[in-house]
Amino acid sequence: MIGAGVVAAALTVATTLVHLAGDPPRPVALEEEENPAAPAEWMWAQRANADGSIPATAYQEALAQNRALESATRRGAPQLSDVTWNLLGPGNIGGRLIDVVVDPTTPGTVYVAAGTGGVWKSTDGGATLASAWADDLPQSMGALAVAPDGTLYAGTGEPDHGGGGSYYGTGLYRSTDGGATWQSLGLTDTGAIGRIRIDPTDPRRIVVAAQGRLFDTGGDRGVYLTTDGGETWKQVLDGLNDSTGAIDVAINPADPDVLLAAMWDKLRYPDGREYGGPGSGLYRSADGGATWTRIGAPLPAPTSDPGRIGVAFAPNNPNRAYAITNDRIGNLTGFFVSDDAGATWTRPMTGEPALDAADGGFAWWFARLWVDPADANHVFSAGVPMMESRDGGLTWVTGRGIHVDQHAMAWDPHTPGRVYVGNDGGLYWSDQGGDVVGPWTAASVQPYMQFYAMDVSAQDVRRASGGTQDNGSLRSWGGTDWNLYRGGDGMMNRINPVDLNNVYACSQNGGCARSDNGGDTMTSIRGRFAGTRFNWVSPLEIAPGTPDTVYFGSNVLNRSDDRGRTWRAVSPDLTGGPTPRNATSYATITTIGIAPTDKETVYVGTDDGYLWVTRNGGGTWTRLTDPDLPDRWVTRVTVDPEDADVAWVTYSGFRWESETQPHVLMTTDGGANWTDISGNLPQAPINDVIRHPKHRQWLYVGTDMGVFFTPNLGRTWLKVGESFPVVPVHDVHFHAGTKTLFAATFGRSIYHATISD
């Protein structure tokens, strides 16, 4: 989930140019280095069991529980089901895209797949996009394809390893009405789908590259073929190992019996990765997939443990094919050309240094190729920038003018010269025939941003800000639309409740900064924090009752009493120590709960399951050890606005085997005893909990299944708004002055709804 472009910049203390839709490029300082103790996969580590596993069916079970709770809410509290969620934004800045296709039957119709935001559709040539995906289907996407008659196919489960890799897909889907409705076509145990290809001579013949589950072995992996439009499937190419899947596949445009398939040995752990092995390789079939041959030299041999491979045919020259290969640690190992439909290959090495530099050492994010439909020598390669060659790969030009981290590209058959690109900043297009230096135009409405945290000014509900994946910290003020005011991967954002100009914005691993002018100028405070370990999303919280006091968590708690100007440590190491206790913990503080009635009473939770309280501002600490508290990642502690002894704690994690775990617990005695109030909530991670400012028994929680409400402290839970998508909600906020509930999602931007008394 770490954006390759952001990491590459953060590894060297440097200044980079970040370009967001609607804004000119401007310098954004990235002061902090990548923390070697930081979570290698934050989303997964939060959700996994202590051994790093998530049962393959856990997500699907949670989906079913969510649907049942929606039905129960409709029957018992229809006014809550009818709550309307509206998009707050941002719409002008796009998030991570996985694929893009153009409808060959209808000019101006473009579809994109967002990493954790489902499928989106444009009917105005990419200018504006609207959701074209069912809210109750998995939002993690892998691939798109469109048939000559406009039938749309979508593969679920992100095949790369961003946040979407934490959510296994449920197979392949088809829509014959432009995304209005979807039908499952099976392949439900594929985990993630890397590519979908349709036979240009027979639209009922479809080939799918099934990558498999990112953090688990087994399942349906390899290349699958249907000849009846998805009614039945046959695995035509299996992997060498139980961690080998297919990541790419290409069909020869003149002879569809000739197939090229890229296999990839890939398995991720919370604290490491195996992104290569003997099962990785390029395979060829000349009989429609009945038999396959692994392509030998000059392509990498199995003994070299190859990594990710990309492959493409030239549409106007069926004999021309291209392949790009990488090693298991993300370095380019070769670019190859075939002039006999993939039977034999040559290696024009002159252009490889440019391609290697473009991957930035993160080639396992990319390894994707596209060829101009009108020119077999005009080829493009994904990377941190988009790379372009006009001589078949001998030389390359580096793209610019668009966001970093390229993942998708498509030519418009209706508009000569128009090319679409999808990256971690959303959708762009150019009318210069793919000229990577542009000029490029960004979509003006593309609301599929991935948020980690958000806040809203208590003084002015129009002022909202949030931290986003690979798009920095964004704010709704300071311009005509949302704009960037802090770089890196955006994390915690907080606004002083009595002074809207005093704001805080953090990047990964505690790279926080403060401002007294609404973020127009930011001063880094990262170097003022004590501690040796910092979480990917390090918590920073303002004391609600006395907002000059601010707390920050590394592995120790830090405190400021002058609005973040000076800091001091007020705790020992509150974690289990420098050596993580299990595969999914990093021995860091993950949440801080400050009593609104007493800034000296503070609850602290950690990623290794520790829960603490201090009642004298950090002078002394008590570890809370009620046996009902689960040994899981603590995601949030919220203290009652009227009583410092009343608090709620939430935990991450899915159902584990036959056991259930408490996800929300409550204390009424300052933490000595806790009661499970999870009730009928889906067995899925709970990421935030808040109490209604007026009603003492009303709670709202943000979960991986949406937003839920209880009117009776957990005896009954209800779904807030039946139409809310099944997308992780990382932060919920209630604005008392306007009775507005906000939800920051990881894949569908920020929503808001009016909640009456």
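The values are calculated or read from the model by the stated rules, or taken from the named source; none is laboratory data. Since this is a predicted model, take the numbers as computed values, not measurements. Here the Cβ is made from the backbone with ideal geometry for all residues, glycine too, and neighbour counts use every protein chain on show.
For this structure, a couple of remarks:
- A363 being buried (at least 21 other Cβ atoms within 10 Å of the Cβ) and at pLDDT 95 or above: no
- In region 266-287, the residues that are of a type outside the set (A, V, I, L, M, F, W, C) and either in a strand (DSSP E or B) or surrounded by fewer than 18 Cβ atoms within 10 Å (Cβ to Cβ) (or both): R268, Y269, D271, G272, R273, E274, P278, G281, Y283, R284, S285, D287
- The lone criterion from (1) more than 23 Å from the chain's Cα centre (by Cα); (2) under 16 Å from V83 (Cβ atoms) left unmet by T667 is number (2).
- Hey, R174 among the basic types (K, R), crowded, with 21+ Cβ neighbours inside 10 Å and touching a residue at least 40 places away in the same chain (Cβ under 8 Å) or not: no
- Taken over region 491-531, residues that are under 25 Å from the mean Cα position of the chain (by Cα) and of a type in the set (F, W, Y) amount to 1.
- Within region 500-533, tally of residues that are part of a loop (DSSP other than H, G, I, E, B) and closer than 22 Å to I690 by Cα: 1
- If you go through region 639-672 and keep only what is of a type in the set (S, T, N, Q) and surrounded by fewer than 23 Cβ atoms within 10 Å (Cβ to Cβ), you end up with S658, T660, Q661, T668.
- Residue in region 212-219 that is outside any strand (DSSP E or B), of a type in the set (A, V, I, L, M) and touching a residue at least 12 places away in the same chain (Cβ under 8 Å) present: yes
- Taking region 86-108 as the range and being surrounded by 21 or more Cβ atoms within 10 Å (Cβ to Cβ) and either in the same structural domain as F654 (by TED's automatic domain parsing) or not small (G, A, S) (or both) as the test, the residues that pass are L88, P90, N92, I93, R96, L97, I98, D99, V100, V101, V102, D103.
- Top-ranked residue in region 241-265 [being free of Cβ contacts under 8 Å to residues at least 40 places away in the same chain and part of a loop (DSSP other than H, G, I, E, B); ranked as farthest from the chain's Cα centre (by Cα)]: D257
- Filtered residue count, region 681-696, keeping only those that are in a loop (DSSP other than H, G, I, E, B) and within 15 Å of P728 (Cβ to Cβ): 5
- Of residues in region 203-224 being touching a Leu at 6+ places or on another chain (Cβ under 7 Å) and among the β-branched types (V, I, T), the one surrounded by the most Cβ atoms within 10 Å (Cβ to Cβ): V208
- Residue match in region 730-747 (condition: assigned to a loop (DSSP other than H, G, I, E, B) and surrounded by 18 or more Cβ atoms within 10 Å (Cβ to Cβ)): yes
- Of the residues making up region 372-401, those that are crowded, with 24+ Cβ neighbours inside 10 Å and among the aliphatic types (A, V, I, L, M) are V379, A382, V384, M386, M387.
- Criterion: without any contact (Cβ under 8 Å) to a residue 24 or more places away in the chain and either crowded, with 24+ Cβ neighbours inside 10 Å or outside any strand (DSSP E or B) (or both) - qualifying residue of S678, S756, S723: S756
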